[in-house]
1. How many residues does the stretch 127-168 hold that are touching a Lys or Arg at 6+ places or on another chain (Cβ under 9 Å) and of a type in the set (A, V, I, L, M, F, W, C)?
2. Pull out all pairs, ordered by first then second residue, where Cβ-Cβ is under 8 Å, the residues are six or more apart or on different chains, the first lies in the stretch 111-129 and is under 17 Å from ALA139 (Cβ atoms) and without any contact (Cβ under 8 Å) to a residue 40 or more places away in the chain, and the second is in a strand (DSSP E or B) and among the basic types (Lys, Arg).
3. Of the residues THR143, THR127, THR133, THR137, only one is surrounded by fewer than 16 Cβ atoms within 10 Å (Cβ to Cβ), β-branched (Val, Ile, Thr) and modelled with pLDDT of 95 or more; which?
4. Within the stretch 63-73, does at least one residue satisfy the condition of being surrounded by 15 or more Cβ atoms within 10 Å (Cβ to Cβ) and among the hydroxyl-bearing types (Ser, Thr, Tyr)?
5. Do we have GLY99 as out of contact with any strand residue (DSSP E or B) (no Cβ under 6 Å at 6 or more places or on another chain) and assigned to a strand (DSSP E or B) here?
6. Just give me the residues in the stretch 140-173 being more than 20 Å from GLU82 (Cα to Cα) and hydroxyl-bearing (Ser, Thr, Tyr), in sequence order.
7. Select from the stretch 139-152 the residues that are charged (D, E, K, R) and either assigned to a loop (DSSP other than H, G, I, E, B) or free of Cβ contacts under 8 Å to residues at least 24 places away in the same chain (or both) and list them in ascending order.
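The values are calculated or read from the model by the stated rules, or taken from the named source; none is laboratory data. Keep in mind that this is a model prediction, so the values were computed, not measured. So basically every Cβ, Gly included, is an ideal-geometry build from the backbone, and we count neighbours across all protein chains shown.
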Amino acid sequence: MRTILVAIAIMTLFAACAKKEQPVAAALPQTAPAQAPAQPAPANITPSPMDTPAQHISGGTADISKIDVARAEGANGHTVAELWAGKAALQDHPVTVRGKVVKFLPGIMGRNWLHLRDGSGSPEQGTHDITVTTNETAAVGDTVLVNGILRADKDFGAGYRYGVIIEEAKLAR
């Protein structure tokens, strides 16, 4: 129970920082000098809240200026954009997607969280990125093949709602 409360507190802090577009370090009590801020995004990329606060704990950032990953093969193979477009029909079904890890958050609510992009979808509509939960690890910048169960409109409470998320995922490289 204590772990869940700590995880919720951390997620709430990250959400508050994302809304204010400030680094997480700025929201923490300053008892020691703050770390140097993360490198700014290239001029042609507008960072979304999803790109900003978690980079401080994800072990680095991926080059997200140009992502072009091959579509996953097989009957369950999809692009990120296809998962968003077909979320109602794919609800609770196994799916496979290949993408570049642009964010990795370990050990939150008993699982690891990552965000994948494959170059499909629209940043303006938010259909270019998909959240994945797994017990496995990955590094930011890895290209992985994800097999898991698609959930649509998943609500974890405390303001954490996902239009599309892949849960119980297995990763392959």
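1. Of the residues in that region, 11 qualify.
2. Cβ pairs passing all conditions: TRP113/LYS103; LEU114/LYS103; LEU116/LYS100.
3. When all the criteria are applied, what remains is THR137.
4. No, there is no match, as no residue in the stretch 63-73 is surrounded by 15 or more Cβ atoms within 10 Å (Cβ to Cβ) and among the hydroxyl-bearing types (Ser, Thr, Tyr).
5. Working: out of contact with any strand residue (DSSP E or B) (no Cβ under 6 Å at 6 or more places or on another chain): no; assigned to a strand (DSSP E or B): yes.
No: the conditions fail for GLY99.
6. Passing the criteria: only TYR160.
7. As a first pass, look at the stretch 139-152 and keep what is charged (D, E, K, R): 142, 151.
Hit for the stretch 139-152 is ASP142, nothing else.
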